[in-house]
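Here the structure is laid out as structure tokens; the discussion comes afterwards.
The values are calculated or read from the model by the stated rules, or taken from the named source; none is laboratory data. Because the structure is a prediction, the values reported are computed rather than measured. Backbone-built Cβ (ideal geometry, glycine too); neighbour counts: all protein chains shown. These area figures cover heavy atoms from the full protein model, side chains too; ligands, DNA and RNA do not enter into them. Shrake-Rupley method; radii C 1.70, N 1.55, O 1.52, S 1.80 Å.
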Amino acid sequence: QVQLVESGGGLVQPGDSLRLSCAVSGNIFSFYAMGWYRQAPGKQRELVADLTSTGIASYVDSVKGRFTISKDNAKNTMYLQMNSLKPEDTAVYYCNGSRGASTFWGQGTQVTVSS
């Protein structure tokens, strides 16, 4: 049973940084793509950043230059480094992994950016 467990969310002020982690139970190599999504209250879930198995990253325009997606294969963990956080980044952040015909989701971690 594949599990993805996020951690690292919290309440921060505008301009602060956070690093989210997504621990994968199993071999992270088995995922051909992984990503971070977020869902703000009353809004649809959106893709924030994704990373292919070959290390190609892409980002939604609103986070380019501020967020960085990465993974540590030895630790079976994916990260999202978030800098210069803005109130509009407030959302529940989910990690996602695709393997074969299946897609897996974590339970989400809350990020709140407020002064």
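Quick one: length gained pulling SER70 to VAL5 fully straight, 0.36 nm per residue minus the C-alpha distance?
21.8 nm
How are the Cα pair distances of segment 1-46 distributed, in percent, across 5 Å bins from 0?
Calculated P(r), rounded to whole percents: 5, 14, 21, 23, 20, 11, 6, 1.
Per residue, how many Å² of accessible area does segment 8-92 show with a 1.4 Å probe?
Per residue, segment 8-92 has 52 Å² of solvent-accessible surface.
Under 25 °C and 0.890 mPa s, how fast does segment 51-112 diffuse according to Stokes-Einstein, given a Kirkwood radius computed over C-alpha pairs? Answer in µm²/s, whole number.
187
Report the charge-dipole magnitude of the chain in Debye, nearest 20, computed about the Cα centre from +1 at each Lys and Arg Cβ and -1 at each Asp and Glu Cβ.
100
Over the Cα atoms of the chain, Rg to Rh with Kirkwood Rh, two decimal places?
Rg/Rh for the chain comes to 0.95.
Per-residue counts of other Cβ atoms within 10 Å, averaged by peptide: what ranking do you get for 6-14, 88-96, highest first?
Going from most to least packed, we get 88-96, 6-14.
Using only protein heavy atoms and a 1.4 Å probe, report how much of THR54 is accessible, in Å² to the nearest 10.
Its accessible surface works out to 110 Å², give or take rounding.
Using packing as a proxy for protection, rank 106-114, 36-44 so that the peptide with the highest average count of other Cβ atoms within 10 Å comes first.
Most protected by this proxy first, the peptides run 106-114, 36-44.
Between ALA57 and TRP105, what length in nm is gained on full extension when 0.36 nm per residue of separation is reduced by their alpha carbon distance?
Going from the current span to full extension adds 15.4 nm.
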